[in-house]
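First comes the structure, then the notes that go with it.
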Amino acid sequence: MNKNIKCLISAGPTREWIDPVRFISNPSSGKMGYALAEEAFNRGFSVDLVSGPVHLEGPQGVRLHKVETAIEMEKTMLALFQDAQIIIMTAAVCDHRPRECWEEKRKKAEFPTHLEFVENKDIVGALSERRKTGQKIVGFAAETETPLQHALEKLEAKGLDWIAMNDVSDKEIGFGSDINDVTLLSRRGESIPLGRKSKQEIAKGILDHIWP
Ligand code: PMT
């Protein structure tokens with residue numbers, strides 16, 4: 001019954017290049033997003049997974065779209081968005097990219113002491129501006145301080161139906177870990193703690209609530 005429902009999930013980090021051998025990024029391993037894609041496929045959904053560079057195999061049966069930069073992720077998500085009913089933005093998109101990317105490797109002596117950055121587009125915000133009736137849009141909030149306040153602000157500012165809040169100041173969960181500790185917040189005011197569990201179990205909890 002779910003096979004006509006398309007699920008679009010993003011995972012992993014983005015890379016923002018400084019020159020051909022250097023980039024800025026973050027420690028996202030893709031585990032949370034890949035667990036969601038696998039669980040969605042197991043529930044019979046048709047799944048597209050847009051992934052930044054990670055060391056994971058694409059889950060069986062899932063269409064994997066590999067990207068590197070935030071701009072590439074934005075383009076791919078926008079192209080797949082129209083046909084999707086469930087959109088889950090797990091990726092840790094770099095908020096900024098260097099203003100300039102040099103074509104050749106900068107020599108040590110020429111390397112600047114300061115870099116200028118420009119903001120990347122808010123991908124999930126751009127998707128929610130284009131939302132069609134019936135689409136469910138879910139974001140994640142990776143917070144290190146006052147997680148509830150910041151997650152609620154993101155839920156509102158990005159126009160989401162749900163946000164999965166994780167406190168990444170806790171080094172045992174979140175980035176790179178096999179476990180996570182997530183509270184799901186909805187725009188209707190629900191707050192659902194999913195507990196501290198494997199990312200596979202967290203994925204089940206998220207899908208149980210967003211698409212019961
Ligand atoms: O990959 P793992 O190692 O398994 O780690 C999982 C995780 C910690 C990466 C994951 O659980 C998580 O929290 N993902 C979101 C990370 C993040 O970028 O959070 P944020 O609070 O900065 O962003 C809020 C939301 O906006 C996110 O849904 C993000 O995908 C989205 N965003 C952010 C910036 C941007 N330019 N465009 C976006 O769409």
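Read-outs throughout are calculated quantities, based only on the coordinates presented, and are distinct from any laboratory measurement. Computed from a predicted structure; not experimentally measured. For neighbour counting, all protein chains shown are included, and Cβ atoms are generated from backbone atoms with ideal geometry for every residue, glycine included.
Some values worked out for this structure:
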read-out	value
Normalised contact order of the stretch 22-83, rounded percent, pairs of Cα under 8 Å and 6 or more residues apart	28 percent
The stretch 1-126: C-alpha pair distances exceeding 27 Å, %	25 percent
Around residue 62: net Lys/Arg minus Asp/Glu count, Cβ-Cβ under 13 Å	0
Inter-probe distance in nm under a simple model that places probes 7 Å from Cα toward Cβ, at residue 126 and residue 179	3.7 nm
Gain in span if fully extended, residue 57 to residue 24, counting 0.36 nm per residue against the direct Cα distance	9.6 nm
Beta bridge orientation in the stretch 1-138: antiparallel %, DSSP, nearest 5	25 percent
Convex hull volume per residue in cubic angstrom - Cα atoms of the stretch 1-54	62 Å³
In nm, spacing of pseudo-spin labels at residue 114 and residue 156 (7 Å Cα→C-beta vector)	3.5 nm
Extension reserve of the residue 83-residue 146 stretch, reckoned as 0.36 nm per residue once the Cα distance is removed	19.1 nm
Equivalent ellipsoid dimensions for the stretch 92-212 as semi-axes, Å, which come from the Cα gyration tensor, largest first	33, 19, 13
Alpha-carbon radius of gyration plus Dmax, which is the widest Cα pair, for the chain in Å	17.3, 61
Share of alpha-carbon pairs per 10 Å distance bin for the stretch 110-156, given as whole %	19, 35, 28, 14, 5, 0
Point-charge dipole on Cβ atoms (K/R +1, D/E -1) for the stretch 39-181, about Cα centre, debye to 20	520 debye
Residue 208-residue 72 pseudo-label distance in nm [points 7 Å out on the Cα-to-Cβ vector]	3.7 nm
Crossing angle, helix 31-42 versus the chain [Cα axis fit, 0-90 degrees, rounded to tens]	40 degrees
Under the Debye formula (equal points on every Cα, no solvent term), log10 I(q)/I(0) of the stretch 46-87 at q = 0.14, 0.24 Å⁻¹	-0.31, -0.87
